[in-house]
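Notes for the one structure printed next.
Read the figures in this text as sums done on the coordinates, not as results from a lab. Model, not experiment: these values are computed from the prediction. Counting neighbours? That spans all protein chains shown, and the Cβs are built from the backbone with ideal geometry, glycine included.
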Amino acid sequence: MKKKSHLARLWVVACFFILIAGVLIWRMLDLMVVDRQFLRGQGNARSIRVVDIPAFRGMIIDREGSALAVSTPVQSLWINPKDFAPSAKQLASLAHYLGVPVKQLEMRVHATHARGFAYLQRQLTPMVAKKIDALKIPGVNFQEEFKRYYPEGDSTAQLLGFTNIDDNGIEGLELAYQHWLVGYSGKKRVVKDRTGHIIDELDMLKEPQPGHELQLSIDRRIQFFAYHELQNTLNKFGAKSGSVVVLDTKTGEVLAIANAPSFNPNARSHYTLDSYRNKAITDTFEPGSVVKPFSIASALDTGLYTPSTIIDTRPSWMIVHGHTIRDVHSYGVLDVTGVL
């Protein structure tokens, strides 16, 4: 009896282990065959991503083809706060490259901890981005973007305007021709590692479409001299502001349009909104005697007047379309030269 009881217990134990082995084998087959496609899809979902390809904004050039506004490649620094784990030394170096105190950087990261994506700084130069990338901080990533640059600086500032941090026009010609200059981003499928770095590019889904080039009638050399002569004149007479427009008398094309004081569109953080206005276009003013040469030239061109033709300006006022226009003083009888 004891021998039979012992054999029965052995059979029970053996059956138990056979059952466990059967379950494990079945699960292995299930994973290898039945759920293989599902698991592959789950793996791809964690590693294959579709990312944007930034598009180049169209250049603005002068009549001779010289660049007035160009977009240069930059890098924007972003992190996954949950993966961001720098050492004390790495954090200090990162803060140094970003130009902020370590404490401020820590507060910025802490404020975004609940998110999976947060910019630390936009539009870093490639050199600074390379130094930060060399720190090998977990959770640190870069995104390629473009930043607008204006080679002529303050001489064309109000005319061209500028773009915002996303390279969209918000002032001047940059805003007026946004639809023409703006590019449209493309898309590509890539493989990323767990830290978010791209380790392979699979295929192009959509080619980026660059913006169109915009050519102006402006001559950058005339623009430069017009602006600086205007500045010198303001300084000489102590005027608060001034504008100048240079036209081609044969075609009517605008060769230069400048305002002073101006601002540096490449570093505009400390300027006021008033500095951005193109006053030659937006502001109305009484032209006064400035317009006289054009009126006199038109009169002489008719052949009815000469420089010595006599004009009686009395009684120093006249009615035009129901409005009375008066001279400041009574000048009596003058020749055309005297009127001018």
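Data for the structure
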item: Span-rule helices in the chain, defined as complete DSSP H runs reaching 27 Å or more along the axis (Cα) with Kyte mean at least 0.0; result: 2-29
item: The chain: most fluctuating residue of 260, 67, 21 per GNM, C-alpha cutoff 10 Å; result: 21
item: Projected-area average for the chain over all orientations - Cα convex hull basis, square nanometres; result: 34.0 nm²
item: Calculated [θ] (222 nm, deg cm²/dmol) that DSSP helices of n ≥ 4 give over the chain, each run adding -39,500 (n - 2.57); result: -10000 deg cm²/dmol
item: Rough spin-label spacing in nm, given labels placed 7 Å along Cα→Cβ, for residue 277 and residue 224; result: 3.0 nm
item: Spin-label proximity, residue 311 to segment 239-274 - amide N less than 11 Å from point 7 Å beyond Cα toward beta carbon; result: none
item: Difference of contour (0.36 nm per residue) and Cα-Cα distance, residue 25 to residue 245; result: 70.6 nm
